[in-house]
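Read the figures in this text as sums done on the coordinates, not as results from a lab. Model, not experiment: these values are computed from the prediction. Virtual Cβ from ideal backbone geometry, glycine too; neighbours counted across all protein chains shown.
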Amino acid sequence: MPKPYPEEFRQDVVRVARNRGPGVTVEQVAADFGVHAMTLWKWMRRADIDDGTTPGTTSQESAELREARRRIKLLEQENEVLRRAAAYLSQAHLPGKGSTRS
């Protein structure tokens, strides 16, 4: 699912929100850019985590975890195929299997 806003746009909006003047609310900044205020708050929280000012899992770490989980799932599927193939081949070579002798 594609993200509705490009990363560069998000960074620009967060930068404007952080550097807003006195009396300017985050809600006003969000409205000026056409995003929901809660969306901007989430972007700011994510930026704080990515900048290291707030503890949490960074965007890069999340992407790495996602990729690692995808790779683990693929390897588990490959392992299952190999396990089934080995079981099938070991059954095919048993004496008495597959022979039509009476």
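In region 10-23, what residues are over 14 Å from K42 (Cβ atoms) and of a type in the set (A, V, I, L, M, F, W, C)? Answer for region 10-23, where residues must be over 14 Å from K42 (Cβ atoms) and of a type in the set (A, V, I, L, M, F, W, C): just V16. Do you know which of the residues in region 16-41 that are surrounded by 12 or more Cβ atoms within 10 Å (Cβ to Cβ) and not aliphatic (A, V, I, L, M) is nearest to the chain's Cα centre (by Cα)? Selected residue: T39.
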